[in-house]
Amino acid sequence: MSLTSIDVISGYPNGTFKPFQKISREHTAKILALALELDTDVETVVDPGFTDVPKDHPYYGHIAAL
């Protein structure tokens, strides 16, 4: 509930939450980066040099920030 109140998570489009569903690594990275208030801007984040996460990946900024 606290992550919802600070707009880190919002659940599914229908407003439900499924706490026992598996979560992907990319979604975990996004949640952590937002909760920690990290700079996730792809223009300013330091490139970690990951070969499996391209810079055009939707969560690249979050992953790189972590």
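Go through region 30-51 and report how many residues are under 28 Å from GLY11 (Cβ atoms) and acidic (Asp, Glu).
Residues meeting the conditions: 3.
Of the residues THR40, THR4, THR51, which single one is at pLDDT 95 or above and polar (S, T, N, Q)?
THR40
Restricting to region 12-22, name every residue that is of a type outside the set (Ser, Thr, Tyr) and exposed (fewer than 11 other Cβ atoms within 10 Å of the Cβ).
Scanning region 12-22 gives PRO13, ASN14, GLY15, LYS18, PRO19, PHE20, GLN21, LYS22.
Any residue at all in region 54-64 that's part of a loop (DSSP other than H, G, I, E, B) and hydrophobic (A, V, I, L, M, F, W, C)?
no
Suppose we keep only residues that are β-branched (Val, Ile, Thr) and without any contact (Cβ under 8 Å) to a residue 24 or more places away in the chain within region 36-59. Which one would you say is surrounded by the fewest Cβ atoms within 10 Å (Cβ to Cβ)?
Filtering region 36-59 for residues that are β-branched (Val, Ile, Thr) and without any contact (Cβ under 8 Å) to a residue 24 or more places away in the chain, the one surrounded by the fewest Cβ atoms within 10 Å (Cβ to Cβ) comes out as THR51.
The values are calculated or read from the model by the stated rules, or taken from the named source; none is laboratory data. Predicted model, so just to flag it, every value in this text is computed and none were measured. Because the Cβ atoms are built from the backbone with ideal geometry, glycine has one as well, and the counts that use them run over all protein chains shown.
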